[in-house]
Every structure is written in C-alpha cells, then in structure tokens.
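Only one structure is covered here, and it is reproduced in the block below.
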Amino acid sequence: MTRTIMVTGGCGWLGSAIVRNLLERGDKVVATDIVVSSEMKSLAETNSGLSLEICDLAEWPQLMDIFRHYSIDAVIHAAALVGVLQVADIPLKALRANVECAVNLFEAMRQNRIKRVVHISTEETYGDFLSPVIDEEHPQKPVSVYGLTKLAAEHYGRVYSRNHGLECINVRTCWVYGPHLPRLRLPRTFIEAALRGEPFHQQDGARFAVDQVYIDDTVSGILLALDKQSHRFDAYNVATGVASSIADVAEAVNRTIPGARITVGDSGEKYRLDETIVSADKGALDIGRARSELGYEPKYDLRRGIEATIAATRANVGQA
Ligand SMILES: NC(=O)c1ccc[n+]([C@@H]2O[C@H](COP(=O)([O-])OP(=O)(O)OC[C@H]3O[C@@H](n4cnc5c(N)ncnc54)[C@H](O)[C@@H]3O)[C@@H](O)[C@H]2O)c1
C-alpha cells in the first residue's frame, strides 16, 4: 500500500535527499519548508507523488492545515536551524526552530493520531565524547546551543511517546558530507579549492577525528528507521563507525584530484570552529545497534565518499 510521508525541512539539504529517495521507491511525499527551493519546485512539477507546502512549523494554524489537507502516515522531521557555529549567537531563534517547532509537530501529530516520527538528531547531543567510539548509552551532555536544542527535541519526543503513544525515533547522525552541502564546511572547502586549482591551508585540526558519513548512508539509515515495524529503542547512531581525521580528509582529496594541494596544520590544541568556539571532543559513533536492529550497513568509507562528492561537485565549479 502506498504511504504518504511528510518530510519537514523537505527543501533542505538532507530533507530533499530524503524526499527524492522516498519518491524513487514509490512513497507519496508531502514536503514542507519555510522556503521552496527551485530544485524541489521542478521535481514537484514532474512528479505527481510530491506535494510541496510552505509551512513554518512554529505557526500552529499552518501546521494543522497540512494535517487537515493530507492523510499523512508518518513524518520525517528534518527541519531545523543547523550547525554549531550557525546558531551559537542566535540561541532564541534556535530554540524556536529546533524545540518549539518539534513540540508543535508532536502535538499536531497527537491531535491527528499520527504515530511515527523519525527525528534527525545529532552527535552534538552527546557533548564531549568520553571515549574514541561511543554508543547510544553515552551520557548526553551537550556543549553547544545547537546540541542542547536537538537534545530537548529528543526529550520532548520521549515525553510524547510515553504519554501520548507517539513513536519518536531519533536517528543520531554525525558530520554528514556529500554533494551540494549548503554550509562552507570541509570537505566542501577542500574540494572546491582543489577543483579551482588553488592551494588551501587549514590552520588547525590535523589530528581532530570525527565520524564523517556520506549523505546516502545517512538517508538509508533514516529510511530503515522509518520502515521498521516496531522499535525496541528510540535512538540509533547512524554514521560509519570510524573516525577520520581532518588530515585524512585532506589526503583523500589530494589523492583524488591531480595537483591538489590541501594542507592541515596542528597546534595540538582542541579543534577550533572559529576564534571563540572550540569543538567538542569527538570520535566515532558505534553503529552496532543500527546494524543489528535496522539492518543498516554504510556503503561509503571516507575514500569512496570523497570520490563520489568530487565527481558530483566537478560540474559545479566548471571542471567537468
Ligand atoms: N548536515 C549534517 O551534518 C547534520 C548532522 C546531524 C544532524 N543533522 C540534522 O539533519 C536535519 C537536516 O539538516 P540539513 O543539513 O539538511 O540542514 P538544512 O539547513 O539544509 O535544512 C533544514 C531545513 O529546515 C528548514 N526550516 C528551518 N526552520 C524551519 C521552520 N521554522 N519551519 C519549517 N522549516 C524550517 C530550512 O528552511 C531548511 O530547508 C536537521 O534536523 C539537522 O539538525 C544534520
């Protein structure tokens, strides 16, 4: 039976990839966002399975209109203000977008008797990793506004699950990368410089290692969580299980693009996102639970993921 899946943040980077995957396998999709991207607009024009709706999740009447208009079977909640740096100085906006919107969504689902929501959560909810590889039972002590808001959304989902029968499943992914990443973050910065034929020196962080997961693997974990009939757990790490250093990323770019000159310094201090913000201690996510419960298996190691990203980026910077 064809299902109708609502994807919030459906015009965002991960959201639009999720939408495309759902459509490809035959689901109907209601993609909601505060802005409509031209890419999603043209997809909706050619694919009758996709409905696009402008909806600010913080605006209750707009949200209720969606549920009144469509018969939604389940929700993937991808809308958020994203990024440690991006929201550091706008804590109230982040509270509204990441917490208030999630609560509105859960409440609207409760009132419309829709049970299943997959919330795309993040390793930032853990705060400093206490060991090189951490599983879902690791303490959640966020050290960023972003991580704190995402954890609050997880907890609201838990309260709604316990008290109102919602099934809020949290997919905690890590540093997702791939083509068309909307933020200027590595490996995008490395790849674009290399494709322009320019050298690039990253000041710091050669040894800073974090689980970096190719977008297709994250999307596959999200869809597996959506599809699983009944869950014993409400949270899954979805990444690669391996932490790659920033020097590893530079090396993968240098190896794949002839003549690339990407270098990374190492002051020995913690990795700095900017002058004021020091990143949390990171590492790899243990993906054993996602493997055994969901059948999740990442297909891209760092090398393959960087190659795929470079292949898709080439055209954009005129190096086809
Ligand atoms: N990209 C990553 O590395 C990463 C890692 C872990 C978790 N996540 C999570 O994945 C999800 C998607 O991230 P992304 O990288 O695609 O970000 P993105 O910024 O590309 O997409 C987020 C979308 O949410 C929409 N949005 C923001 N506020 C809204 C509101 N009030 N109402 C409706 N829509 C609103 C934005 O317009 C945007 O299109 C987020 O929940 C994020 O926390 C991302």
Practice prompt. Choose one of 71, 193, 105: the residue whose Cα lies farthest towards the positive end of the charge dipole of the chain (beta-carbon charges +1 Lys, Arg; -1 Asp, Glu; about the Cα centre).
Written response: 71
Practice prompt. Could you list which residues have their amide H under 5 Å from that of residue 244, counting only those 5 or more apart in sequence or on another chain, with H placed in the peptide plane?
Written response: 210, 211, 212
Response to the item:
Length gained, residue 270-residue 71, 0.36 nm per residue minus C-alpha separation, equals 66.8 nm
Practice prompt. Return the single residue from 33, 248, 266 with maximal mean-square fluctuation; model: Gaussian network over the chain, springs between Cα atoms under 10 Å.
Written response: 266
Worksheet item: Based on the Kirkwood radius over alpha-carbon pairs, what value in µm²/s does the Stokes-Einstein equation return for the translational diffusion coefficient of the chain at 10 °C and 1.306 mPa s?
Response: 79 µm²/s
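Take the solvent-accessible surface of the protein heavy atoms, probe 1.4 Å, and return the percent of it on the chain that carbon and sulfur atoms account for.
Working: 7210 of 14460 Å².
C and S atoms contribute 50 percent here.
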Discussion item. Springs between alpha-carbon pairs under 10 angstrom, Gaussian network model over the chain: which of 205, 268, 147 fluctuates most?
Written reply: 268
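Pull out a ≥ b ≥ c, the square roots of the eigenvalues of the alpha-carbon gyration tensor of the range 212-312, then state rounded if a/c is under 1.5, prolate if not and a/b is larger than b/c, and oblate in the remaining case. Show your work: numbers first, answer last.
Working: a/c = 2.97, a/b = 1.57, b/c = 1.89.
Cα axes put the range 212-312 in the oblate bin.
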Fill in: Helix 246-256 vs. the chain, principal-axis angle (Cα, 0 to 90°, nearest 10)
80 degrees
Worksheet entry | Amide H contacts under 5 Å for residue 116, placed H, 5+ residues apart | 75, 167
Worksheet, complete the sentence: Site residue 36, offset 7 angstrom along Cα→Cβ, radius 13 Å on amide nitrogen, limited to the range 50-71, gives 50-55
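For the chain, what number of Lys pairs, 8 or more residues apart or on separate chains, have alpha-carbon atoms under 15 Å from each other? Please list the in-between numbers first.
Details: 93/150; 115/228; 141/150; 141/282; 270/282.
The number of close lysine pairs in the chain is 5.
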Worksheet item: What order do you get for 282-294, 179-191, 117-129, 11-23 when each peptide is scored by the mean count of other beta carbon atoms within 10 Å, highest first?
Response: 117-129, 11-23, 282-294, 179-191
Worksheet item: Separation of the range 142-173 and the range 257-272 by C-alpha centroid, Å?
Response: 35 Å
Discussion item. Explain nothing, just compute: Karplus ³J(HN,Hα) = 6.51 cos²θ - 1.76 cosθ + 1.60, θ = phi - 60°, for every residue of the range 77-82 in order, whole Hz, x for Gly and Pro.
Written reply: 9, 10, 6, 5, 8, 10
Worksheet entry | Amide H contacts of residue 264 (H built 1.01 Å from N, under 5 Å, at least 5 apart or other chain) | 202
Item to complete: Only Cα pairs under 8 Å and at least 6 apart count here; give the relative contact order of the chain as a rounded whole percent.
Response: 17 percent
Worksheet item: Taking the chain as a Gaussian network, where each spring joins two C-alpha atoms under 10 Å apart, which residue of 212, 62, 229 fluctuates the most?
Response: 229
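The values are calculated or read from the model by the stated rules, or taken from the named source; none is laboratory data. Note that the structure is a prediction, hence the values are computed from the model and not measured. Cβ sites come from the backbone with ideal geometry, for glycine too, and all protein chains shown count toward neighbours. To get the accessible areas, we keep the full protein, side chains included, count just its heavy atoms, and leave off ligands, DNA and RNA. Shrake-Rupley method; radii C 1.70, N 1.55, O 1.52, S 1.80 Å.
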